[in-house]
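Engineer: Mind looking over this structure? Questions follow.
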Amino acid sequence: MKEELLQRIEDRSAVIGVIGLGYVGLPLAVEFAKAGFHVIGYDVSERVTKLLMAGQSHIQDVPAKEIAALVKSGAFEATTEESRLHEADAISIAVPTPLSKTRDPDMSYVIAAAGAATRQAHPGLLVVLESTTYPGTTREVLLPALTERGLTVGEDVFVAFSPERVDPGNPVYNTKNTPKVVGGITTACTELATALYNSCIDTTVPVSSPEAAELVKLLENTFRSVNIGLVNEMAIVCDKLGVNVWEVIDAAATKPFGFMKFTPGPGIGGHCIPLDPHYLAWKMRTLNYKTRFIDLASEINSQMPAFVVEKVAHALNAQRKPVNGSRILVLGVAYKRDIDDVRESPALDVIRLLEEQGAAVSFHDPFISTVKEDDHTLHGVELTAAVLKEADAVVIVTDHRSVDYQFVMDNAALIVDSRNVMSGLIQTKAQVVTLAASRHADALASGPRLS
Ligand SMILES: NC(=O)c1ccc[n+]([C@@H]2O[C@H](COP(=O)([O-])OP(=O)(O)OC[C@H]3O[C@@H](n4cnc5c(N)ncnc54)[C@H](O)[C@@H]3O)[C@@H](O)[C@H]2O)c1
């Protein structure tokens, strides 16, 4: 069966199913279709499948033109009919893996998707889980579902894990040119999954087990979370010392070895970095081990929105203004630059904390028109001179490249810049407060010179 499927992958006669057509599943489905396979995208959302079948795209990095062409040629179709998965020779699962309210893994989507794959399974099927999850999921959740149907892994069903590394908004790295790690339950499973991804992705990196592949993703995202936590703490340290953290980081980054530049900011967001490390922390708790780096980084990163709001309050206070009643314009609400995604965005915390203190908050984001905050919806405003002039403070949370920051400098009175985008611009009468430099003058006057 392995040889037969390898042949079908080789000659592109294999049909590929993708479960979950979001940020991860849709670009992957498109790559499979562009490689010459017939791809059936299955999603529970009728809104998503209808949109795609109408030749539109709900994912910023996937052009509608591309979807329209693939739908028209018949290479790609999107459906809510689970039974269509029965036609697939290989299925990739890319459904959400959020955290529950108690910050434990919410496996309900993976279990539902594994159920769909299992119900539609037939001998000779390859199933690859792509959703970020704790080590052991592929073997403990996906595999039993399939083998309980009487299929034997490595012989008539093949199971692997391959973490998705998509970086939304990245102009250089995309699904195709980002190396893909693959770990199967058996050697045959790894071989087949590697052959599948080799057909449409530039480089694949086989590892010895699904657990290793699951941990690769968690290591990558924990690495980011911990290093962002470290520079965020450095921003707080520099603030207390009256030293400009950006200057320190930029100078440190001139070291050609042994240092990797991370930058501080208002906190972390998105579907990955704030959540994924908790999957590992949860798993290790079940083994009576506490992942201290993960917990500490999470604690520091989640306090950054409050640190930004504190900066706003101090800056307003210096102008004899309370936060209560002040008009505050939040500039950028996406969780990172140049994307339209607000999931877990620190901007939502910044807005909530400011509103809790009585501020009248508005926002501008070139990619996002509305945000839902608890019980109300905020509508974005245009970035005009009048809007900037009316604001008691402008808080830069997301550093989208298309915003004209000199225009902001020219028209705003007070700017709290959590991303250091105002550095290097022509200074006007605007007061610019960064995350960590405000007490520079005081510190130099009263404390020992730092050399
Ligand atoms: N977004 C990213 O940048 C990114 C990067 C790397 C890895 N990941 C991981 O990839 C996985 C998917 O994330 P995403 O951002 O693509 O999620 P998403 O929310 O954008 O998309 C998930 C899609 O799955 C669909 N879905 C949910 N349950 C389903 C089911 N039972 N059957 C069929 N479809 C179902 C949803 O309707 C949705 O369209 C997560 O585990 C995430 O951690 C995400």
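Engineer: Starting from 0.36 nm per residue, how many nanometres of slack lie between Ser402 and Phe259 once their C-alpha separation is accounted for?
Structural biologist: 48.5 nm
Engineer: Can I ask one more? Given that compact globular proteins tend to follow 2.2 N^0.38 Å, what is the ratio of the alpha-carbon Rg of the stretch 334-424 to that value? Numbers along the way, then the final one.
Structural biologist: Values: Rg = 12.5 Å, N = 91, 2.2 N^0.38 = 12.2 Å.
After normalising by residue count via 2.2 N^0.38 Å, the value is 1.03.
Engineer: For the chain, count all C-alpha to C-alpha pairs, find those more than 42 Å apart, and express that count as a whole percent of the total.
Structural biologist: Details: 24437 of 101475 pairs.
When all Cα pairs of the chain are counted, 24 percent exceed 42 Å.
Engineer: Select from the stretch 185-290 those chymotrypsin sites (Phe, Trp or Tyr not before Pro) which occupy a DSSP coil region and have at most 14 other Cβ atoms within 10 Å, ordered by residue number. Don't skip to the end; give the middle numbers.
Structural biologist: Numbers: sites: Tyr197, Phe223, Trp246, Phe257, Phe259, Phe262, Tyr279, Trp282, Tyr289; in loops: Phe257, Phe259, Phe262, Tyr289.
Answer in residue order: Phe257, Phe259, Tyr289.
Engineer: Okay, next question. Quick one: order Glu356, Glu82, Glu87 from most to least accessible surface, probe 1.4 Å.
Structural biologist: On the way: Glu356 125, Glu82 40, Glu87 90 Å².
Output order, biggest surface exposure first: Glu356, Glu87, Glu82.
Engineer: Right, here's the next one. Sorted by mean Cβ packing within 10 Å, highest first, what order do the peptides 44-54, 268-278 take?
Structural biologist: Ranking the peptides 44-54, 268-278 by packing returns 268-278, 44-54.
Engineer: Report the normalised scattering of the stretch 298-451 as log10 I(q)/I(0) at q = 0.09, 0.10, 0.18, 0.19 Å⁻¹, calculated by the Debye formula with identical scatterers on the alpha carbons.
Structural biologist: The computed values of log10 I(q)/I(0) come out as -0.27, -0.34, -1.08, -1.21.
Engineer: Can you sort Ser423, Ser298 by 1.4 Å-probe accessible area, starting with the largest? Write down the numbers at each step before the final one.
Structural biologist: Numbers: Ser423 75, Ser298 30 Å².
Result, largest first: Ser423, Ser298.
Engineer: Further, regarding this structure: Looking at the stretch 368-432, which trypsin sites (Lys or Arg not before Pro) are DSSP coil and have at most 12 other C-beta atoms within 10 Å of their C-beta? List each step's numbers first, then the result.
Structural biologist: Values: sites: Lys372, Lys389, Arg401, Arg419, Lys429; in loops: Arg401, Arg419, Lys429.
Hits after loop and neighbour filter: Arg401, Lys429.
Engineer: What do you get when you divide the Cα radius of gyration of the stretch 72-195 by 2.2 N^0.38 Å, with N the number of residues?
Structural biologist: Working: Rg = 15.1 Å, N = 124, 2.2 N^0.38 = 13.7 Å.
Against the compact-globule rule of thumb, the ratio is 1.10.
Engineer: Taking the alpha-carbon set of the stretch 85-133, what are its Rg and Dmax in Å?
Structural biologist: My reading of the Cα-based Rg and Dmax gives 12.2, 39 Å.
Engineer: Further question: Given the pairs Lys290/Lys311; Lys101/Lys311; Lys217/Lys283; Lys101/Lys283; Lys101/Lys372; Lys217/Lys336, which are separated by over 22 angstrom at their Cα positions? Please report the intermediate quantities before stating the final value.
Structural biologist: Numbers: Lys290/Lys311 33 Å; Lys101/Lys311 29 Å; Lys217/Lys283 14 Å; Lys101/Lys283 17 Å; Lys101/Lys372 18 Å; Lys217/Lys336 20 Å.
Over 22 Å Cα-Cα: Lys290/Lys311; Lys101/Lys311.
Engineer: Let me ask something else about it. Which whole-number percentage describes the relative contact order of the chain, with Cα contacts under 8 Å and a sequence gap of 6 or more?
Structural biologist: Values: 921 pairs, mean separation 50.8, N = 451.
After rounding, I find 11 percent.
Engineer: Right, something else. Percent of accessible area on the chain owned by carbon and sulfur, 1.4 Å probe? Write down the numbers at each step before the final one.
Structural biologist: Working: 11020 of 20250 Å².
Its accessible area is 54 percent carbon and sulfur atoms.
Engineer: If you average the alpha carbon positions of the stretch 119-172 and of the stretch 321-375, how far apart do those two centres end up, in angstrom?
Structural biologist: Each part's Cα centre sits 38 Å from the other's.
Engineer: If I stretch the segment between Ser208 and Lys372 completely, what's the gain in nm (0.36 nm per residue apart, minus their alpha carbon distance), one decimal?
Structural biologist: Roughly 54.7 nm would be gained on extension.
Engineer: Now for a separate question. Where does each of 198-207, 373-382, 116-125 land if you order them by average Cβ count within 10 Å, highest first? Walk me through the numbers before you get to the answer.
Structural biologist: On the way: 198-207: 16.9, 373-382: 11.5, 116-125: 18.8.
The packing order, highest mean first, is 116-125, 198-207, 373-382.
Engineer: For the chain, what does the accessible surface come to per residue with a 1.4 Å probe? Please give it in Å².
Structural biologist: Working: 20250 Å² over 451 residues.
For the chain, the per-residue accessible area is 45 Å².
The values are calculated or read from the model by the stated rules, or taken from the named source; none is laboratory data. Bear in mind the structure is a predicted one, so any value in this text is a computation, not a measurement. Glycine also receives a Cβ, built like all others from the backbone with ideal geometry; neighbour counts cover every protein chain displayed. Protein only, heavy atoms only, side chains kept; ligands, DNA and RNA dropped before computing areas. Shrake-Rupley method; radii C 1.70, N 1.55, O 1.52, S 1.80 Å.
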